[in-house]
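Before any comments, here is the structure.
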Amino acid sequence: MSTPTGSPAAPLIGPLLTPLEPDERLSAEDMAARRADEFLAHALRAQAQAASAQPAVRRGVCLDCGDICHPSTMYCGAECRASHERSLAARARRGKA
Ligand SMILES: [Zn+2]
C-alpha cells in the first residue's frame, strides 16, 4: 500500500474536519468522503469570510433610495419603507416562481 505523500493541504480545515493522523490510512471510499468534506468545509469558510466582509445593512442609509437617514432607522420615510417592502415582496414572488 502506498503512503499518502505529505501534501501541504489546507492547513486550516475548520471545525468540521479533524486533521488526519500521519499514519492514518484511508480506503478509496474514505478518501472520497474526506475530499467531499474538505470541499464543503472550504466552501463554508469562503462563504463565511465573504459574508463577514460586508455588513448586512448599512446604518444611516435608506434601504430604498440610498439617502442619508437617522442611524437608528432603515428608511428615510414611510414612502420608502412601503416601496422597499413592495420590491422585496416582488423579488420573493419571482424567486418562488
Ligand atoms: Zn429613502
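Computed from the coordinates by the stated procedures, all read-outs in this text should not be read as laboratory data. Quick caveat: nothing in here was measured; it's all calculated off a predicted structure. No Cβ is skipped: glycine too gets one built from the backbone with ideal geometry, and neighbour counts run over all protein chains shown.
Could you list, in sequence order, all residues of the range 72-97 that are within 14 Å of the ligand (Cβ to nearest atom) and in a loop (DSSP other than H, G, I, E, B)?
Hits for the range 72-97 are 73, 74, 75, 76, 77.
Taking the range 23-58, which residues are part of a loop (DSSP other than H, G, I, E, B) and surrounded by 10 or more Cβ atoms within 10 Å (Cβ to Cβ)?
Of everything in the range 23-58, those that are part of a loop (DSSP other than H, G, I, E, B) and surrounded by 10 or more Cβ atoms within 10 Å (Cβ to Cβ) turn out to be 25, 26, 58.
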